[in-house]
1. Multiply the residue separation of residue 196 and residue 419 by 0.36 nm, subtract the distance between their alpha-carbon atoms, and state the gained length in nm to one decimal.
2. Using every Cα-Cα pair within the range 223-365, state what percent have a distance larger than 28 Å.
3. Per the Kirkwood definition applied to all pairs of different Cα atoms, how many angstroms is the hydrodynamic radius of the range 303-421?
4. Applying a 10 Å radius around every beta-carbon, put 401-413, 140-152 in order of their mean neighbour count, most first.
5. In whole angstrom, note down how far apart the Cα centers of the range 121-177 and the range 189-214 are.
6. Go through 271-284, 180-193, 51-64 and give me the packing order, highest mean Cβ count within 10 Å leading.
7. Counting only Cα atoms, I'd like the Rg/Rh figure for the chain, Kirkwood definition for Rh.
8. If packing is taken as the average count of other Cβ atoms within 10 Å, what order do 112-118, 39-45 fall into, highest mean first?
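Derivation of every value follows stated rules applied to the coordinates shown; laboratory data play no part. All figures in this text were calculated on a predicted structure; none of them were measured in a lab. Neighbour counts are summed over all protein chains in view; Cβ atoms, including those assigned to glycine, are modelled from backbone coordinates with ideal geometry.
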């Protein structure tokens, strides 16, 4: 597959209706203009990448620039949109819902907007959830609250049944807010729609508190997550320092990637050890974690340990791999495991006091902070612009700090992970004093 096709967005047809947006068509740095289909954003912005393309006479790998188009595909007056939220909670979901409703109503004049209750379950009539009518008045204040006003669920539903429901309710645009499993489900719905030759756009807004969606700079809710975690780390440090040989263990979310644990530890530099899924550390031996922890306590007499939920899974004896309703591997509890191993190890060395803290569900159900709130609104607006122009099976996100459209298939092929040889992880090691050899 060529690079050109890899990031190509599918369209329902050539948009022929004039956009109701009153924007300038003249380019200018400070003028909000319509985006042309030829407006592209280069993926690799390095001089080396540019020189390579120039030498090989190749067009660089590009994304479609997000934003309003001069011509749109759907007639706003006769269009129905639906919004669904799936998977675990994350700060900012309500902000995205609000942004989509406001953009559809005030930008384009779409009058009928449906909220799908409890994830993809809501697209299965047998579940009996029905729909919620969403209006600007109904969503105007929801950004103040965490969670999702629509409710959520995990697990797949019959794709054919979900498409039948969209068709029966005359839905032209489906906005799905969710993580890896949700986006794959959205893509499958899009495939079924294309197979039937239906005129329905499906759009994904990536939602994962772990920030592990590939290619895009960050996912919404991530900044709020480590922002809320930071003062918890400060309090945990106070607990650890308040006891002779005191140890505080804080387990943060991060099933496959340790971005929250690492970022929170950088934001509140009182942490001495950061254990993430990318790091295959050992417990015992000269270079093992417990021996390094012992050295720390012998000199400083306290330690703060931040561990991501997916860290250290290689330390467990597993016969069977269990998955949740979304298909995610169910991990063993590394926090409780680590607490017990530390307790056992130091029982024959010297007395320690261990405090264990797991604030994960408090963090993920919080309302978005100011930065995430702005980001969520922008994601919502750009998603609406893309859907109205007839684009489908795409996600909106920032790449190189620019809003772009990407095919769903491009971002779900693998998870984004911390590069243990990159500058970000090196910053964590410098901040914590954690030895390089650990892992």
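1. Numbers: separation 223, 0.36 × 223 = 80.28 nm, distance 4.21 nm.
The residue 196-residue 419 span can extend by a further 76.1 nm.
2. Details: 1599 of 10153 pairs.
Pairs farther apart than 28 Å: 16 percent.
3. Working: mean 1/r = 0.0528 Å⁻¹.
Mean inverse Cα-Cα distance, inverted, gives 18.9 Å.
4. On the way: 401-413: 19.6, 140-152: 18.1.
Ranked from most to least packed, the peptides come out as 401-413, 140-152.
5. Taking the Cα centre of each part, the range 121-177 and the range 189-214 sit 14 Å apart.
6. Values: 271-284: 20.9, 180-193: 22.6, 51-64: 13.4.
Per-residue mean Cβ counts within 10 Å order the peptides as 180-193, 271-284, 51-64.
7. Working: Rg = 23.8 Å, Rh = 23.4 Å.
Here the Rg-to-Rh quotient is 1.02.
8. Numbers: 112-118: 22.3, 39-45: 16.1.
So the peptides 112-118, 39-45, ranked by packing, come out 112-118, 39-45.
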